[in-house]
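Q: After the structure tokens below, expect a handful of questions from me.
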Amino acid sequence: MTAPLPTGTEGRDRALLWLANRLVPFYRRFPHSGTVSITSLDPRGVALPDRRVFYSRIPKAANSTVMAALQRLAAGQADPLRAKSRFPRPSRLSAATVAELDRDWFCFTVVRDPHARALSAFLDKVGRRTGHSAHFFRWFRPATPREPGFADFVAYLEEGGLWHDLHWAPQHGLLHLPFARYDMIGRVERLETDLPAILARAFGAPPAGIERFDHAPPTGAAARLPAMLTPALRAALARLYAADFAAFGYDPGA
């Protein structure tokens, strides 16, 4: 196996980050200094100015379901694909709107157990060979051709692939706001109770029910995790996602 290839965009990303943190009202107020590029992070922020609501949507953490619920309550329809482009992103907010957001908007996100999220990313993006797995398959060069396993994916993360794609990048690095600025941080594992509570805060009343949306068939990662997570892989993921386990209160040994 060879080391992951560089993207060739690091210089451009640094320049865009420098400009955004100095010229764009949102990033002047909440400068981004993380590993994820500003062009990848920005579309993951969702603003509902009429409702004074802001959502940091994290891939592989029920973000399609949350977006569909937001669109249904804000616009009377539930199409997560359209919803992701319907609402303004952070870079499009005016200075006055950012000041209001900072002062009294309701801000939230939804996170997922790092074990299950990493396995879900592997099963979905690598197992199904989507375009998100390109870096992985440049790295994955076994002496004898074979299908990759979850252990291979974790080795790839350890050897430099951790931040190559937002679907498995650490969740704390995908937050647009300081941790303390989030009014609620829901969990995928208790979405049936957390999401109605979030929507009640955002819209004044919880919806009648939560309808789950997925762009692809579910991977069943949570159910498959006990059989696939060896002690060695558990220890590796605990190191890789240490900041997520600590920030969001998940148990790396569970």
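Q: Could you please find all residues in the stretch 116-138 being hydroxyl-bearing (Ser, Thr, Tyr) and in a helix (DSSP H, G or I)?
A: Answer for the stretch 116-138, where residues must be hydroxyl-bearing (Ser, Thr, Tyr) and in a helix (DSSP H, G or I): Ser120, Ser133.
Q: Return the pairs, sorted by first residue and then second, in which the second residue is of a type in the set (Gly, Ala, Ser) and at pLDDT 95 or above, the first residue lies in the stretch 226-240 and is part of a helix (DSSP H, G or I) and surrounded by 17 or more Cβ atoms within 10 Å (Cβ to Cβ), the beta carbons are less than 7 Å apart, and the residues are 6+ apart or on different chains.
A: Listed pairs, sorted by first residue: Leu233/Ala151; Leu237/Ala118.
Q: Would you pick out the residues in the stretch 147-161 that are among the aliphatic types (A, V, I, L, M) and crowded, with 19+ Cβ neighbours inside 10 Å?
A: Those that are among the aliphatic types (A, V, I, L, M) and crowded, with 19+ Cβ neighbours inside 10 Å: Val154, Leu157.
Q: A further question on this structure: Provide a single number: the residues in the stretch 3-27 that are at pLDDT 80 or above and in a loop (DSSP other than H, G, I, E, B).
A: Summing the residues that are at pLDDT 80 or above and in a loop (DSSP other than H, G, I, E, B) in the stretch 3-27 gives 1.
Q: Taking the condition closer than 17 Å to Leu41 by Cβ and aromatic (Phe, Trp, Tyr), does Tyr182 pass? Write out each step before concluding.
A: Details: closer than 17 Å to Leu41 by Cβ: yes; aromatic (Phe, Trp, Tyr): yes.
Here the answer is yes, as Tyr182 does meet what is asked.
Q: Given the criteria modelled with pLDDT of 95 or more and touching a Gly at 6+ places or on another chain (Cβ under 9 Å), does Leu157 qualify?
A: So Leu157 fails the test.
Q: Given the conditions (1) at pLDDT 90 or above; (2) more than 18 Å from the chain's Cα centre (by Cα); (3) among the acidic types (Asp, Glu), and given that Asp42 satisfies all but one, which numbered condition is not satisfied?
A: (2)
Q: Collect the residues in the stretch 71-93 that are farther than 17 Å from Leu177 by Cβ and either assigned to a loop (DSSP other than H, G, I, E, B) or at pLDDT 75 or above (or both), keeping them in residue-number order. Walk me through it before giving the result.
A: Taking the stretch 71-93 first, the residues farther than 17 Å from Leu177 by Cβ are 71-86.
Within the stretch 71-93, Gln71, Arg72, Leu73, Ala74, Ala75, Gly76, Gln77, Ala78, Asp79, Arg86 meet the criteria.
Q: Being part of a helix (DSSP H, G or I) and either touching a helix residue (DSSP H, G or I) at 6+ places or on another chain (Cβ under 9 Å) or of a type outside the set (Lys, Arg) (or both) is the filter; apply it to the stretch 103-115 and report the residue that is surrounded by the most Cβ atoms within 10 Å (Cβ to Cβ).
A: His115
Q: Next up: With respect to Arg57, determine if the residue is touching a helix residue (DSSP H, G or I) at 6+ places or on another chain (Cβ under 8 Å), basic (Lys, Arg) and closer than 13 Å to Cys107 by Cβ.
A: On the way: touching a helix residue (DSSP H, G or I) at 6+ places or on another chain (Cβ under 8 Å): yes; basic (Lys, Arg): yes; closer than 13 Å to Cys107 by Cβ: yes.
Yes, satisfied.
Q: Counting just the residues of the stretch 116-134 that are surrounded by fewer than 24 Cβ atoms within 10 Å (Cβ to Cβ) and in contact (Cβ under 8 Å) with a residue 40 or more places away in the chain, which one comes out farthest from Ala247 (Cα to Cα)?
A: Arg128
To keep it simple, each residue is scored yes or no on (1) part of a strand (DSSP E or B); (2) of a type outside the set (A, V, I, L, M, F, W, C); (3) in contact with an Asp or Glu (Cβ under 9 Å, 6 or more places away or on another chain).
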residue: Leu101; (1), (2), (3): no, no, no
residue: Pro142; (1), (2), (3): no, yes, yes
residue: Tyr156; (1), (2), (3): no, yes, no
residue: Gly160; (1), (2), (3): no, yes, no
residue: Asp165; (1), (2), (3): no, yes, no
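Q: Look at Thr65 and say whether it is in contact (Cβ under 8 Å) with a residue 60 or more places away in the chain, among the polar types (S, T, N, Q) and assigned to a helix (DSSP H, G or I).
A: In short, yes.
The values are calculated or read from the model by the stated rules, or taken from the named source; none is laboratory data. Source: prediction; values computed, not measured. Glycine also receives a Cβ, built like all others from the backbone with ideal geometry; neighbour counts cover every protein chain displayed.
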